[in-house]
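Chemist: Pasting in a structure now, in C-alpha cells, and then I'll have a few things to ask.
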Amino acid sequence: MTLLAICNGFSQDSTTSKTILFICEHGSFRSVVAAAAFNKMAKEQGLNIRAIARGTVPNKEVNPIVLSGLKQDGFSEITPVPQKISNEELGKASYVVTFCALPGDFHRPVSSEDWSTIPLVDGDYSGFRDSVLPRVRLLIGNLKKRP
C-alpha cells in the first residue's frame with residue numbers, strides 16, 4: 001500500500017487525533033528525533049496527528065545528545081523515558097515508521113514504511129536530524145494534501 005493511499009484516512013479537520021509511531025531499537029535516538037520533529041511540524045501545519053517514539057529494546061533514558069540537540073532546535077515535545085512498543089499500540093496506530101526490524105513476536109503493521117536507511121553515525125545528532133527532516137516534511141506534506 002502506498003503512502004498516498006494510506007493518507008486518505010487522515011484529515012486536517014478531524015476531531016479524533018491520529019497516531020503515528022516512530023520505532024527504533026532503543027527508543028532513545030532515531031524515533032525520538034523523528035517524533036519530536038513530526039509533532040512540531042504537524043502542530044505548525046494544524047494537523048491533528050500525534051507522533052510517539054518507541055523502542056523494541058528500550059534504553060533506560062533518552063540519549064543526552066538527543067535531549068541537548070532537540071532543546072537547542074526548539075523541539076519541546078520529547079519522550080522523557082524510552083518505552084517499549086506493544087502489539088496493542090501497533091494495532092491502534094494510524095501509521096508506523098520503523099528504523100529497525102520489528103521482532104518476530106510483533107505484528108507487522110500494514111500502514112508502515114521503513115526509514116532504516118537513514119544513517120546514524122556515532123551519535124551524530126545534527127547529521128541524523130538533517131537526514132530525517134526532509135522525510136518528515138514529505139510525510140506531513142502528503143498527510144496535509146488529504147481531504
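The values are calculated or read from the model by the stated rules, or taken from the named source; none is laboratory data. In this text the structure is predicted, and so the values were computed from the model without any measurement. Cβ: placed from backbone, ideal geometry, glycine included. Neighbour counts: every protein chain shown.
Chemist: Of all residues in region 30-63 being of a type in the set (Lys, Arg) and touching a strand residue (DSSP E or B) at 6+ places or on another chain (Cβ under 6 Å), which is surrounded by the fewest Cβ atoms within 10 Å (Cβ to Cβ)? Give the steps one after another, and end with the answer.
Modeler: To start, the set of residues in region 30-63 that are of a type in the set (Lys, Arg) comprises 30, 40, 43, 50, 54, 60.
After this cut, where a residue has to be touching a strand residue (DSSP E or B) at 6+ places or on another chain (Cβ under 6 Å) as well, the list is 30, 50, 54.
On the way: Arg30: 28, Arg50: 16, Arg54: 24.
Selected residue: Arg50.
Chemist: Turning to a different aspect of this structure: With respect to Lys144, is the statement that it is over 16 Å from the mean Cα position of the chain (by Cα) and more than 17 Å from Lys18 (Cα to Cα) true?
Modeler: Taking the combined requirement at face value, the residue does not satisfy it.
Chemist: If the Cβ limit is 7 Å and pairs must be 6+ apart or interchain, which residue in region 53-68 that is part of a loop (DSSP other than H, G, I, E, B) pairs with which residue that is of a type in the set (Lys, Arg)?
Modeler: Pro58/Lys84
Chemist: I'd like the full set of residues that are surrounded by fewer than 14 Cβ atoms within 10 Å (Cβ to Cβ) and either within 16 Å of Asn63 (Cβ to Cβ) or basic (Lys, Arg) (or both), limited to region 96-111.
Modeler: Step one: filter region 96-111 for residues surrounded by fewer than 14 Cβ atoms within 10 Å (Cβ to Cβ), giving 101, 103-105, 107-108, 110.
Of everything in region 96-111, just one residue is surrounded by fewer than 14 Cβ atoms within 10 Å (Cβ to Cβ) and either within 16 Å of Asn63 (Cβ to Cβ) or basic (Lys, Arg) (or both), namely Arg108.
Chemist: If I filter region 112-147 down to residues being β-branched (Val, Ile, Thr) and free of Cβ contacts under 8 Å to residues at least 24 places away in the same chain, which single residue comes out as nearest to Val62 (Cα to Cα)? Show your work before the answer.
Modeler: So the first thing to find is which residues in region 112-147 are β-branched (Val, Ile, Thr), and the list is 117-118, 121, 132, 136, 140.
With the extra rule that they be free of Cβ contacts under 8 Å to residues at least 24 places away in the same chain, the set shrinks to 117, 121.
Values: Thr117: 21, Val121: 17 Å.
The extreme case among them is Val121.
Chemist: Further, regarding this structure: Looking at region 98-119, which of the residues that are modelled with pLDDT of 90 or more and among the charged types (D, E, K, R) is farthest from Phe29 (Cα to Cα)?
Modeler: Glu113
Chemist: Follow-up question, since we're still on this one. Restricting attention to region 83-124, and to residues there that are in a loop (DSSP other than H, G, I, E, B) and among the acidic types (Asp, Glu), which single residue is farthest from Gln72 (Cα to Cα)?
Modeler: Residues of region 83-124 in a loop (DSSP other than H, G, I, E, B): 83, 85-86, 93-94, 99-111, 115-124.
Filter once more, keeping what is among the acidic types (Asp, Glu): 105, 122, 124.
Numbers: Asp105: 37, Asp122: 19, Asp124: 14 Å.
The qualifying residue farthest from Gln72 (Cα to Cα) is Asp105.
Chemist: Of the conditions (1) under 14 Å from Cys24 (Cα atoms); (2) not in a loop (DSSP other than H, G, I, E, B), Gly127 fails just one. Which one is it?
Modeler: The number of the failed condition is (1).
Chemist: Mind checking which residues of region 112-135 are among the small types (Gly, Ala, Ser) and either surrounded by fewer than 16 Cβ atoms within 10 Å (Cβ to Cβ) or in contact with an Asp or Glu (Cβ under 8 Å, 6 or more places away or on another chain) (or both)? Spell out how you get there, then give the answer.
Modeler: Of all residues in region 112-135, those among the small types (Gly, Ala, Ser) come to 112, 116, 123, 126-127, 131.
Result: Ser116, Gly123, Ser126, Gly127.
Chemist: Report whether or not Val136 is within 20 Å of Glu25 (Cα to Cα), in contact with a Phe, Trp or Tyr (Cβ under 6 Å, 6 or more places away or on another chain) and modelled with pLDDT of 95 or more. Give the derivation first.
Modeler: Working: within 20 Å of Glu25 (Cα to Cα): yes; in contact with a Phe, Trp or Tyr (Cβ under 6 Å, 6 or more places away or on another chain): yes; modelled with pLDDT of 95 or more: yes.
Taking the combined requirement at face value, the residue satisfies it.
Chemist: Assess whether Val66 counts as being surrounded by 14 or more Cβ atoms within 10 Å (Cβ to Cβ), under 22 Å from Ser116 (Cα atoms) and of a type in the set (Val, Ile, Thr). Walk me through how you get there before you give the answer.
Modeler: Working: surrounded by 14 or more Cβ atoms within 10 Å (Cβ to Cβ): yes; under 22 Å from Ser116 (Cα atoms): yes; of a type in the set (Val, Ile, Thr): yes.
Judged against the criteria, Val66 is a match.
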